[in-house]
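The values are calculated or read from the model by the stated rules, or taken from the named source; none is laboratory data. The structure displayed is predicted, hence computed values, not measured ones. Cβ: placed from backbone, ideal geometry, glycine included. Neighbour counts: every protein chain shown. Each accessible area value is taken on the protein alone, full model and side chains, heavy atoms only, with ligands, DNA and RNA left out. Shrake-Rupley method; radii C 1.70, N 1.55, O 1.52, S 1.80 Å.
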Amino acid sequence: MVRILTKYWDEKDSHRIDVELRYGGYESAKKALSLEPYEVIEEVKRAKLRGRGGAGFPTGQKWSFIKNDNKPHYLVVNADEGEPGTFKDRYIMERSPHMLIEGMIIASYAIRAEMAFVYIRGEFQKAYERMKLALEEAMDRGLIGDSVLGSKYKLKIVIIRGAGAYICGEETALIESIEGKPGRPRLRPPFPAVSGLYSNPTIVNNVETIALVPSIFEFGAEKFLSFGTPTDGGTKLFCVSGHVKRPGLYELPMGTNLKEIIFEHAGGIISDGRLKAVLPGGSSTPIISAEECDVNMDFDCMKGVGSMLGSGAIIVMDDRTCMVKALKSLLEFYAEESCGQCTPCREGCPWIYKITKRIENGTAEFKDIDLLLDVAENIMGNTICPLGDAAALPTISIVNKFRDEFEEHIRRKGCYFDNLPLAPVLEGRSMV
Amino acid sequence: MDDKIREELLKYIGELKSLYSERSMLVMPTLRFAQEKFGRVDDNLIEEISRFLDIPAIKILSTARFYHFFTEEDSAKYRIEICTSISCSLLGSEHLYDYINRKFVDEEIKNNFSVTRVGCLGSCGTAPAMLVNGVLFENLNFERVDRVIEGLKSGKDIDKILG
Ligand SMILES: Cc1cc2nc3c(=O)[nH]c(=O)nc-3n(C[C@H](O)[C@H](O)[C@H](O)COP(=O)(O)O)c2cc1C
Ligand code: SF4
Ligand code: FES
């Protein structure tokens, strides 16, 4: 099975430039720089690379929105990874930061940017240190800077570190943050490609998206596409967590079957329990029940079962899991992280959190279940950014699919599940 | 505001200036530097930063107060931040949170430690996870939490506590 991003993660010091060069690092950037920017974009389009940050937007198409004008253009790599369940971008930066830098060279060249940013989540210490070191190594060897790989093309790459606000992962909030402002999402349109950082054309892409770009030029678009599905090229890093025997990161073809990931790659359910439900693409994606798990993990198939591929974070719950408690944990997060500028989100997220808490601790009434749904439905689509939806979507799906558990909590005046025990000693963990 | 702090801030900003093309890009890095160096970002510091960057203090203030990372007051000597988001919570992080809180009858812990619930730390595959003064600890259980806390109490290097 082909591995792109994790190809040499087992090597000692895989984050250093020598290892990268030994594996042909920066050769793809050389190839790309010998093409015209529009040709680079065409190749990425043909490879059908879709954004790995959650929405699956076609990357080549996004780049083609950048006009050939005289304004400064910017590339911003979104390394603010914070969606509960997601832990891939951190590992890319820790284990193969040069792959990301090489991807940034190609992407910046394609959109004619001479300055690029990596916005790294504030809590990520090791990822920051390794990115910083990798940038220094790349500068020293003339891979970036005033003459990128010996060409006439100039590129400066700088790091900005976040400061503990999940909302800065949203691309326009992230732009605000780089500009030294509170991370409050902007109204769209205009989209960043038209008016982004300092009102200049800006492309924001996820770490995994950009780190995959060099391989398109290494293998060619057709080959890259063949690693995935006909509409979704390449491999995908799946982050498997929760009640599985071997949680961890798995690089697999885009479109791998969810059941196969859970039961074969991740070793099945701990203590040989039974699968109950899965949040298939991170904490903001609609939940799917065990019966629905026979589905291929790509952007289109996940839509087919009413959920989303999201960030590829597969959160697995076994049959001892209380769904009310699980929802409470999800909502505590969103209630805390709302930036506060839209009323439905600012008021609604804490409200649905409180209702869920009441149901869990046994002080709720039956009508609270419908209230919960009603408030969640009224957040949907009524906010500036999708954070409101991110709280509402799992809420609606969990209540609808597991309504009997919510009713039972009210009937029995509280949670009737045993508390889940602490993490068991696992068979092993996989970080590749 | 003592001169030493002022000097350090100026030096830091001076070093960064050439890297970033706009002054306002320096706001986040400078606030972070101040927080890490001085343990807080209070109004005095904000005024200084405002002067050095030539950006109105109110703008710096509104940014500083938006982000959890920047605090007005000095924080505890040992800041424990335990992830209670979904993947950690499925593997029992709530027990750990309660467990650590129960230790707060110990005088030394009461005076030097703080414990807060935080969102996902990007370690869901090695859950449960927590940070102590920014250093990540993964695969936690009661025994490992005990070792971390005992290690801190005996003044060990945070990085080396669990080997
Ligand atoms: C609340 C919220 C949080 C987000 N967090 C992230 C994040 O941490 N990392 C990320 O790449 N995208 C995140 N996104 C998506 C970004 O807005 C953006 O779509 C993405 O970075 C685009 O990159 P892509 O096209 O490569 O997927 C978030 C969106 C929302 C609404
Ligand atoms: S939806 Fe929530 S997080 Fe997004 S802009 Fe509105 S208030 Fe802020
Ligand atoms: S949910 Fe705890 S580290 Fe991600």
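Points worth noting:
- Among residues of the stretch A:160-183, those that are more than 8 Å from every other protein chain (Cβ to nearest Cβ) and open to solvent by 20 Å² or more (accessible area, probe 1.4 Å), counted: 4
- Single residue of the stretch A:69-114 satisfying the filter (of a type in the set (Asp, Glu) and more than 16 Å from ligand 3 (Cβ to nearest atom)) that is farthest from A:Val148 (Cα to Cα): A:Asp69
- Restricting attention to the stretch A:83-123, the residues being assigned to a loop (DSSP other than H, G, I, E, B), touching a Leu at 6+ places or on another chain (Cβ under 9 Å) and closer than 15 Å to A:Cys168 by Cα number 2.
Rundown of residues vs (1) among the basic types (Lys, Arg); (2) crowded, with 19+ Cβ neighbours inside 10 Å; (3) within 14 Å of chain B (Cβ to nearest Cβ); (4) on the phi > 0 side of the Ramachandran plot, yes/no style:
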| position | (1), (2), (3), (4) |
| --- | --- |
| A:Thr256 | no, yes, no, no |
| A:Ser284 | no, yes, yes, no |
| A:Ser289 | no, no, no, no |
| A:Ser311 | no, yes, yes, no |
| A:Val316 | no, yes, yes, no |
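- From A:Pro230, A:Pro214, residue being more than 25 Å from B:Leu19 (Cα to Cα) and open to solvent by 50 Å² or more (accessible area, probe 1.4 Å): A:Pro230
- Residue that is most open to solvent (accessible area, probe 1.4 Å) [pool: residues in the stretch B:33-68 that are within 16 Å of ligand 1 (Cβ to nearest atom) and in a loop (DSSP other than H, G, I, E, B)]: B:His68
- Among the candidates A:Lys48, A:Lys62, A:Lys7, residue that is more than 25 Å from A:Ile178 (Cβ to Cβ), surrounded by 16 or more Cβ atoms within 10 Å (Cβ to Cβ), in the same structural domain as A:Met131 (by TED's automatic domain parsing) and among the basic types (Lys, Arg): A:Lys48
- Some residue of the stretch A:127-135 being within 13 Å of another protein chain (Cβ to nearest Cβ), of a type in the set (Lys, Arg) and touching a Cys at 6+ places or on another chain (Cβ under 6 Å): no
- Residue check, A:Glu136 more than 22 Å from the chain's Cα centre (by Cα), surrounded by fewer than 16 Cβ atoms within 10 Å (Cβ to Cβ) and assigned by TED's automatic domain parsing to the domain that holds A:Leu21: yes
- Residue in the stretch A:83-109 that is surrounded by the fewest Cβ atoms within 10 Å (Cβ to Cβ), counting only those that are among the aromatic types (Phe, Trp, Tyr) and out of contact with any Cys (no Cβ under 8 Å at 6 or more places or on another chain): A:Tyr109
- Answer residue from the stretch A:171-220, given it is assigned to a helix (DSSP H, G or I) and within 16 Å of ligand 2 (Cβ to nearest atom) and is farthest from A:Glu114 (Cα to Cα) among those: A:Ala173
- Residue in the stretch A:93-113 that is within 22 Å of A:Ile167 (Cβ to Cβ) and either without any contact (Cβ under 8 Å) to a residue 12 or more places away in the chain or outside the structural domain of A:Gly282 (by TED's automatic domain parsing) (or both) present: yes
- Any hit, the stretch A:365-380, residues being surrounded by 21 or more Cβ atoms within 10 Å (Cβ to Cβ), touching a residue at least 40 places away in the same chain (Cβ under 8 Å) and in contact with a helix residue (DSSP H, G or I) (Cβ under 9 Å, 6 or more places away or on another chain): no
- Restricting the stretch B:1-27 to residues that are surrounded by 12 or more Cβ atoms within 10 Å (Cβ to Cβ) and touching a residue at least 40 places away in the same chain (Cβ under 8 Å), the residue that is farthest from B:Arg51 (Cα to Cα) is B:Ile5.
- Scan of the stretch B:55-68 for residues that are at pLDDT 95 or above and either under 25 Å from B:Asn139 (Cα atoms) or within 10 Å of another protein chain (Cβ to nearest Cβ) (or both), ordered by number: B:Ile55, B:Lys59, B:Ile60, B:Ser62, B:Thr63, B:Ala64, B:Arg65, B:Phe66, B:Tyr67
- Residue in the stretch B:103-117 that is of a type outside the set (Ser, Thr, Tyr) and within 14 Å of ligand 3 (Cβ to nearest atom) present: yes
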